[in-house]
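Student: The structure under discussion is supplied below as structure tokens; questions concerning it will follow.
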Amino acid sequence: MNKPLQNVTPRTIGIFDSGIGGISILRAIRNLLPNDDLIYVADSLYLPYGTKTPSWIKQRSIAICKFLERENSNAIVVACNTATGAAISSLRESFNLPIIGIEPALKPAAESTKTGAVGILATAGTLASEKYDQLKTKFARDLVIFNQPCHGLVELIETGNWNGAELKTLASQFLEPMMQASVDKIVLGCTHYPFIRDTIQEIAGNGVELIDPSIPVASELKRRLEIENIIDNKLSPGEMRFYVTGERDRFKVIVDKFLDVDAKVNSIEI
Ligand code: DGL
């Protein structure tokens, strides 16, 4: 007897960041939704986003989301704190798709700190955003918040040399003042920073908890897909496709190493 034909509905998730940072989010999504097709855009030609104006980031984010929409994304994850801060409202107005963003995980840090002092590592853009101001007012009124813009760190992380002396020196400069302020939680408020998690932990010491919101972002995506009834009944592993506006080969080396895959990476102009 022939098997009944199954109606397979593949689901595609579009994800973007200024560079490799959002790959830390993509990995969490892949673990949670292994059968979904994932399309990732790294806008590395224009990196870093952290020093750009909000209106520039809005325009860029809209252009990238148009591409992801044309590629049949069922939902888009803005895997970048800086772009979320500057552009998420405009994106939600412009696209008729679930758009999931990421913001510094101030809430879990505020709820669990024992010293009452929390460190935030983020880009200058994220820390200056109105969205971040709202977050502080909501969750961190009675706390000492040590905001640290990390100029130059994203560029060093993009080189893939995560144990280099230059990177360690820069990370120490950013971490030492907040360690003196007795923070016991440090929020990784930029999706690039999980790549140097070990270095940050080594400098901060084991008594400090690092908070990385990539798993909660993946859970939020899953929740939104369920609410919107965007189903996926594909049983085989999803495909992953990567597009990069800047240098392709270095990006591929990093993605292959981090995800342990032979990534399909295409150059693209957006
Ligand atoms: N990875 C990004 C973030 O989460 C942006 C880094 C940058 O390009 O400045 O903020």
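Student: Between residue 96 and residue 252, how high is the FRET efficiency from 1/(1 + (r/R0)^6) when r is the Cβ-Cβ distance and R₀ = 35 Å? Nearest 0.05.
Tutor: 0.60
Student: Place a +1 charge on the Cβ of each Lys and Arg in the stretch 160-238 and a -1 charge on the Cβ of each Asp and Glu, then give the dipole magnitude about the Cα centre in debye, rounded to the nearest 20.
Tutor: 180
Student: Hey, another quick one. Starting at 0 and stepping by 5 Å, how many percent of the alpha carbon pairs of the stretch 19-80 end up in each bin?
Tutor: In order of increasing distance, the bins hold 4, 16, 27, 26, 17, 8, 3, 0 percent.
Student: Over the Cα atoms of the chain, compute the convex hull volume and normalise it per residue, giving Å³. Don't jump to the answer; show the numbers that get you there.
Tutor: Values: hull volume 38.0 nm³, N = 270.
About 141 Å³ per residue, rounded to a whole number.
Student: Nothing charged except the Cβ atoms of Lys and Arg (+1) and of Asp and Glu (-1): what's the magnitude of the dipole of the chain about its Cα centre? Round to the nearest 20 debye. Show your work: numbers first, answer last.
Tutor: On the way: 29 positive and 32 negative charges, 102 e Å.
The calculation lands at about 500 debye.
Student: On the Cα set of the stretch 63-209, report Rg and Dmax in Å, please.
Tutor: Considering the stretch 63-209 through its Cα atoms, Rg and Dmax are 16.4, 49 Å.
Student: Multiplying the sequence separation of residue 115 and residue 260 by 0.36 nm and subtracting their Cα-Cα distance, what value in nm do you get?
Tutor: Between residue 115 and residue 260, full extension yields 48.4 nm more.
Student: If you only keep lysine pairs separated by 8 or more in sequence, or across chains, how many in the stretch 92-191 come under 21 Å at the Cα atoms?
Tutor: Counting lysine pairs in the stretch 92-191 gives 11.
Student: What lysines could a cross-link reach from residue 234, if we take a straight Cα to Cα line under 21 Å and drop same-chain neighbours fewer than 8 places away?
Tutor: Candidates past the 8-residue exclusion: 3, 222, 264.
Student: Binning every alpha carbon pair distance of the stretch 193-270 at 5 Å from zero, what are the percents per bin?
Tutor: All Cα pairs considered, the percentages come to 3, 11, 12, 14, 18, 19, 14, 7, 3.
Student: In the stretch 1-145, if every C-alpha pair distance is counted and binned at 5 Å from zero, what percent goes to each bin?
Tutor: Spelled out bin by bin, the stretch 1-145 gives 2, 9, 17, 19, 16, 14, 10, 5, 3, 2, 1, 1, 0, 0 percent.
Student: Additional query: Could you list the GluC sites (Glu not before Pro) in the stretch 39-127 that lie in coil according to DSSP, counting only those with at most 10 other Cβ atoms within 10 Å of their Cβ?
Tutor: Passing sites in the stretch 39-127 do not exist.
Student: Further question: Cα convex hull of the stretch 127-226: mean projected area in nm², to one decimal?
Tutor: Average of the hull's projected areas for the stretch 127-226 equals 7.7 nm².
Student: FRET efficiency for residue 144 and residue 233, Cβ-Cβ distance as r, R0 = 51 Å, nearest 0.05?
Tutor: Computed FRET efficiency for residue 144 and residue 233 comes out at 0.55.
Student: Next question, about the same structure. Determine the gain in length on full extension of the stretch residue 206-residue 133; use 0.36 nm per residue of separation and subtract their C-alpha separation, reporting nm with one decimal.
Tutor: The residue 206-residue 133 span can extend by a further 23.4 nm.
Student: Note down the nm distance, to one decimal, between modelled labels 7 Å out along Cα→Cβ at residue 172 and at residue 151.
Tutor: Spacing of the two 7 Å Cα→Cβ label points: 2.1 nm.
Student: Could you work out how much longer the chain between residue 32 and residue 181 gets when fully extended? Use 0.36 nm per residue separation minus the Cα distance between them, nm to one decimal. Each step should come with its number before you reach the end.
Tutor: Working: separation 149, 0.36 × 149 = 53.64 nm, distance 3.65 nm.
Net length gain for the segment: 50.0 nm.
Bear in mind that the values in this text are calculations on the coordinates, not laboratory data. Everything numeric in this text was worked out from a predicted model, so none of it was measured. Reconstructed Cβ throughout: ideal geometry from the backbone, glycine too, with neighbour counts over all protein chains shown.
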